1. Quick check on my filter: what residues within segment 21-43 are hydrophobic (A, V, I, L, M, F, W, C) and either assigned to a helix (DSSP H, G or I) or over 25 Å from residue 77 (Cβ atoms) (or both)?
2. Have a look at 18, 9 and point out the one that is outside any helix (DSSP H, G or I) and either modelled with pLDDT of 90 or more or within 22 Å of the chain's Cα centre (by Cα) (or both).
3. Kindly provide the set of residues from segment 44-69 that are in a helix (DSSP H, G or I) and either modelled with pLDDT under 90 or of a type in the set (Gly, Ala, Ser) (or both), ordered by number.
4. Pairs under 8 Å by beta carbon, first residue more than 14 Å from residue 51 (Cα to Cα) and touching a residue at least 24 places away in the same chain (Cβ under 8 Å) in segment 64-83, partner among the hydrophobic types (A, V, I, L, M, F, W, C) and surrounded by 12 or more Cβ atoms within 10 Å (Cβ to Cβ), six or more apart or different chains?
Amino acid sequence: MKDQMNYYKHYEKLMKMKIEESIVKTSEYHSFSEIYPRITESIRLKREIERLTNKLKSEKARSSKFKIKREITITKTKLKKNNLIKRLHGESKQEAIFQRTMKHNSSKMHVPLFTKKYQKILGQPIRKLRRSMRKNLPPSLFNLRELDAAEKGLALREWLQEKRKKIR
C-alpha cells in the first residue's frame, strides 16, 4: 500500500504539470512508467489531445486546422486502444484509485478556502448560518415519513403559517 502511495505522488505530479511542459523528460514519468506503463501512456495521450485542441483554437488556416483535427482523431483512437489494454492488464482499477485519491485530496484543500470565503462575505461564522438555516427549513423529512399523506400536508401548512406570522 505504501508503494502505491509513493507512485500516487508521481501520478499527481504528472497530472498537475502544465500542458506545454513535456512530461516524458521528467524522472517521475520514467519511474512511474516502469510500474504502470499503460497509465503513463494514457496520461501522455490525454495531454497530447489537450495540447492539440488548444492549438486548434488558435489556428486560423483551414488546411492546418484539418491536419490538427486528423491528429486529434488518431490520438483518440490510440487512447481508446490503450484504455482497452489497460482494462485487460488491470491498470484501469489502479488509475481509478489514483483519480479518487486525487479528487479527495483536492476537495480537502478547497473546503477551508470555501468556508473562509463565505465567512468574509456574510460576516458571520458558518455555525450561525447552519442554525439559521435549520430554523428556516420545513419540518424534518424523518418526521414527515412517519405521517400519512393528510397529516404531512397539515404539518407543512402549519409550518408555512408560522413562517408567515414570523415574517409579518
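The values are calculated or read from the model by the stated rules, or taken from the named source; none is laboratory data. Treat the numbers as computed from the prediction; the structure is a model and nothing was measured. Virtual Cβ from ideal backbone geometry, glycine too; neighbours counted across all protein chains shown.
1. Passing the criteria: 32, 35, 39, 43.
2. Sole residue among the options that is outside any helix (DSSP H, G or I) and either modelled with pLDDT of 90 or more or within 22 Å of the chain's Cα centre (by Cα) (or both): 18.
3. Within segment 44-69, 58, 62, 63, 64 qualify.
4. Hits for this filter: 78/45; 79/45; 79/49; 82/45.
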